[in-house]
Protein chains: 2
Amino acid sequence: MKTVSRVINGEPSVREGTRTRVVTAMEKLNYRPDPSARRLAGQRSYEIVLAYNNPSRNYLMDVVSGVLAASRSHHYNLVLSPITSPRDIDEIFVHAHPDGVVLTPPLTDDPVVVAALNRRRLPYACLSPHDRKARIGAYIDDAAAARDLVLALARLGHRRIGHIRGARGHGAREWRLVGYKQALRDAGLPYDPSLVVDGEFLFESGVQGARKLLALKQPPTAIFAANDDTAAGVLRAAAELGLCVPRDLSVCGFDDTPVAGQILPALTTVQQPITEMARITTLQLIERIRDPKAGAMERIDYRLIQRESVGPAPANSRRR
Amino acid sequence: MKTVSRVINGEPSVREGTRTRVVTAMEKLNYRPDPSARRLAGQRSYEIVLAYNNPSRNYLMDVVSGVLAASRSHHYNLVLSPITSPRDIDEIFVHAHPDGVVLTPPLTDDPVVVAALNRRRLPYACLSPHDRKARIGAYIDDAAAARDLVLALARLGHRRIGHIRGARGHGAREWRLVGYKQALRDAGLPYDPSLVVDGEFLFESGVQGARKLLALKQPPTAIFAANDDTAAGVLRAAAELGLCVPRDLSVCGFDDTPVAGQILPALTTVQQPITEMARITTLQLIERIRDPKAGAMERIDYRLIQRESVGPAPANSRRR
DNA sequence: CTGAAAGCGCTTACAG
DNA sequence: CTGAAAGCGCTTACAG
């Protein structure tokens, strides 16, 4: 019995001949280990919780695909845990006794959540956290991507470039602002705080933010929205004001969600491979479950996507 | 022991006083039944599989929310099962031994899938199937909703109304065409097959379909797209042709996805409460798991959403 | 490297 | 209505 168990779980100390005989017999009998029995006897759940409170459906489904792929390939089950409030992080454990947790932003940087996990000594991995040190998971270099985007605007002659920020608590909010400022420095443009307004990664914050920016005495000729939904809101506000994009105003987003390619004009944006990032994050978690010292924070490549929403700065603005 | 088990599982034959004593003790000890042990001893998984092959992320996440809500409230776990090919329906059972399955379109009407489930005598419920008889689950009256939409176009003076259909295999594709034809009859308009083109519920099919329709000798003045993504594609094609919506062309979609309210112009569409429908569908499944004769097919209400993409028919078209 | 025993924490008959 | 026994199908020590 123990020998068969060893073969199933890929443990050492089984002679090759014995292993082969066991595997052959398993195939012949079409034997599948009973998950419930393994869990009960082994005192582990083989469950991975995906904790989320991110409202974006597109983002979440891409994450789910990646987590699912990684967990299945290692015989883990996925348990979805929408977190209504970070204080309710413990409600996870009512529905599951997971072997590990995958955190999505902004839960990745929520002190209450992280403390609860640490207290239980439960392994966890983070997708796109703000704080990348002492964490395992995956991320893209948001700052570099934002810098590339804004630098491209500057090269097209834009001198006043607005930024509508992401939602508080999201690491991406901070890193994308860092990249924005870096690009201004690199392009020799001044940093004007009035050109940076708050946002929430939502369509509505794009509308509000753009209205505020475009009402300035010296309005921007380009707006870098923290994500595509926000950028879509900017397009809406621009249309309301009778501005033509990109002739009168350049706009860029971030994420390359489906809407980015479908909206008019199509958005220049940054593509991040969310499914792949989620898969890698989950793989790190699984390594850590096996060995508390294993797992790393992996950097994943992003890609700039050039579409219709960006053009040269209006001629009159250049003369200023 | 048996008595406690009865209390936990809400079974009869426990004196009220005894029940209270058990419940009090459970709370005092913060006792939670071990799911693995229940599964092993009870020979059931307490798992519900959500099977899907629908590419729309928005739709799927709404479905997940509803299925999750219903299954949690009845102590079931949700297992996500993306079905690459209907022939691979059996791959579900590699990862789970579910007590029941929730089917989403177009799997709801896939004969291979349904046959596999019947063969295993596994309870299942359907969300928006084409065939509503002999099924349990939830649906909206797609035909009535489509009829309302198209009738509204006719009342605005449109006499040539195009339709871009949904994807093959989806019940909604058929029912929405039924409603379209019904509206034409009700409005006394002829049915012209050249005004109905194929589609796949995708942005790209909207672009292609609209190009085809607008290239007709007598092009339509209004297009009813089978869903919002398709309608977004229609807007794109219209813009390419220099047509102004709704002045030159009226467009309506279906589903009221986020893009419907964000696109320019915002789409007139039908809102269906997908999360609620998924919740009800799962509840039907849970009833059927308990009793093979229980469960029903519930009709859920839809709502017409009037926005900017629909207007009166162009004056010259009325003179025809 | 392999086998026999004990036990994971419940549910299911079954006896009272 | 309640209790004691057996068993669900594995894994974990432990002996050889």
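Any read-out appearing in this document is the output of simple, stated calculations on the displayed coordinates, not a laboratory observation. All values derive from a computational prediction rather than experimental measurement. Note that we place each Cβ from the backbone using ideal geometry, even for glycine, and neighbour counts take in every protein chain shown.
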### Query
What value does region B:50-118 have for Rg/Rh, both radii from Cα atoms and Rh as Kirkwood defines it?
0.94
### Query
Percent antiparallel among DSSP beta bridges with both residues in the protein assembly as shown, to the nearest 5?
10 percent
### Task
Would you tell me the mean number of C-beta atoms belonging to other protein chains that fall within 10 Å of each C-beta in B:75-81, as a whole number?
4
### Query
Along Cα→Cβ at 7 Å, what distances in nm separate the residue B:131 label point from those on the other copies, shortest first?
5.7
### Task
Specify the angular offset, from 0 to 90 degrees and rounded to the nearest 10, of the alpha carbon long axis of helix B:171-187 from the longest principal axis of the alpha carbons in chain B.
40 degrees
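For region B:183-320, what mean projected area does the convex hull of the alpha carbons give, in nm²?
Working: hull surface 41.4 nm².
Averaging across all directions leaves 10.4 nm² for the Cα convex hull.
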## Note on the structure
Most exposed first, judged by fewest Cβ atoms within 10 angstrom, B:290, B:159, B:236 run B:290, B:159, B:236
### Task
Once the label point is placed 7 Å from Cα along Cβ, list for residue A:10 the distances to the corresponding points in the other copies, in nm, shortest first.
4.0
### Query
If you put +1 on each Lys and Arg Cβ and -1 on each Asp and Glu Cβ, how big is the dipole of region A:1-71 around its Cα centre, in Debye rounded to 20?
340 debye
### Query
Once the Cα atoms of helix A:57-73 and of chain A are each reduced to a long axis, what angle between those two axes, in degrees from 0 to 90 to the nearest 10, is obtained?
30 degrees
### Message
Taking the Cα centroid of region B:100-155 and of region A:202-223, what is the distance between the two, rounded to the nearest whole Å?
### Response
44 Å
### Query
Between residue B:244 and the same site in the other copies, what are the distances in nm, shortest first, taking label points 7 Å from Cα along the C-beta direction?
1.3
#### Entry: Principal axis dimensions, region A:1-103 - Cα atoms, whole angstrom, descending
53, 27, 23
### Query
Helix A:16-29 versus the longest principal axis of chain A: what angle, 0 to 90°, nearest 10, using Cα atoms?
80 degrees
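Using Cβ contacts closer than 10 Å as the measure, can you line up B:85, A:45, A:250 from fewest to most?
Listed from fewest to most nearby Cβ atoms, that is B:85, A:45, A:250.
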### Message
List the lysines whose Cα sits under 27 Å from the Cα of residue A:212, skipping any in the same chain fewer than 8 residues away.
### Response
A:181
### Query
How far is the Cα center of region B:4-19 from the Cα center of region A:1-60, in Å?
36 Å
### Task
Would you calculate the volume per residue, in Å³, of the smallest convex hull containing every Cα atom of the protein assembly as shown?
190 Å³
### Query
Residue-wise, which Karplus ³J(HN,Hα) couplings in Hz belong to region A:86-94, taking 6.51 cos²θ - 1.76 cosθ + 1.60, θ = phi - 60°, and x for glycine or proline?
x, 5, 8, 4, 6, 5, 3, 7, 6
### Message
I'd like to compare B:260-271, A:224-235, B:67-78: which one has the highest average count of other Cβ atoms within 10 Å, and what's the full order after that?
### Response
A:224-235, B:260-271, B:67-78
### Query
Given R₀ = 45 Å, FRET efficiency for residue A:88-residue B:2 by Cβ-Cβ distance, to 0.05?
0.85
### Task
Could you go through region B:41-50 in sequence order and give the Karplus-derived ³J(HN,Hα) for each residue, using 6.51 cos²θ - 1.76 cosθ + 1.60 with θ = phi - 60°, rounded to whole Hz, and x for Gly and Pro?
5, x, 6, 9, 9, 6, 10, 10, 8, 9
## Note on the structure
Given backbone amide H placed at 1.01 Å from N, residues whose amide H is under 5 Å from that of residue A:200, ignoring those fewer than 5 places away on the same chain, are A:205
### Summary
Once amide hydrogens are built 1.01 Å from N within the peptide plane, the residues lying 5 or more places from residue A:77 or on another chain with amide H under 5 Å from its amide H are A:47, A:48
#### Entry: Percent breakdown of C-alpha pair distances by 10 Å bin, ordered from the shortest bin, for chain A
6, 24, 26, 18, 13, 7, 4, 1, 0
### Query
Charges only on Cβ, +1 for Lys and Arg, -1 for Asp and Glu: so what's the dipole of region B:54-198 about the Cα centre, in debye to the nearest 20?
340 debye
### Task
Treat the count of other C-beta atoms within 10 Å as a stand-in for reagent exposure and order B:139, A:46 from fewest to most.
A:46, B:139
### Query
Can you give the mean number of other chain Cβ atoms that lie within 10 Å of the Cβ atoms in peptide A:258-265?
6
#### Entry: For peptides B:105-117, A:29-41, sequence by mean Cβ density within 10 Å, most packed first
B:105-117, A:29-41
### Query
Counting partner chain Cβ atoms within 10 Å of every residue's Cβ in A:34-44, what's the average?
5
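Write down the Kirkwood hydrodynamic radius of region A:154-220, to one decimal in angstroms, obtained as one divided by the mean of 1/r over all alpha carbon pairs.
The answer is 12.4 Å.
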### Query
Sequence-distant or interchain residues sharing an amide H contact under 5 Å with residue B:308, placed H: which?
B:266, B:267, B:268
### Query
For region B:60-206, treating each Cα as an identical point scatterer without solvent, what Debye log10 I(q)/I(0) comes out at q = 0.15, 0.17 1/Å?
-0.85, -1.00
### Task
Evaluate the charge dipole of region A:199-251 about its Cα centre and quote only its size in Debye, nearest 20, assuming +1 on the Cβ of each Lys and Arg and -1 on the Cβ of each Asp and Glu.
280 debye
### Message
Using helices alone, I'd like the mean residue ellipticity at 222 nm for chain B: each DSSP H run of four-plus residues gives -39500 (n - 2.57), total over residue count, nearest 500.
### Response
-13500 deg cm²/dmol
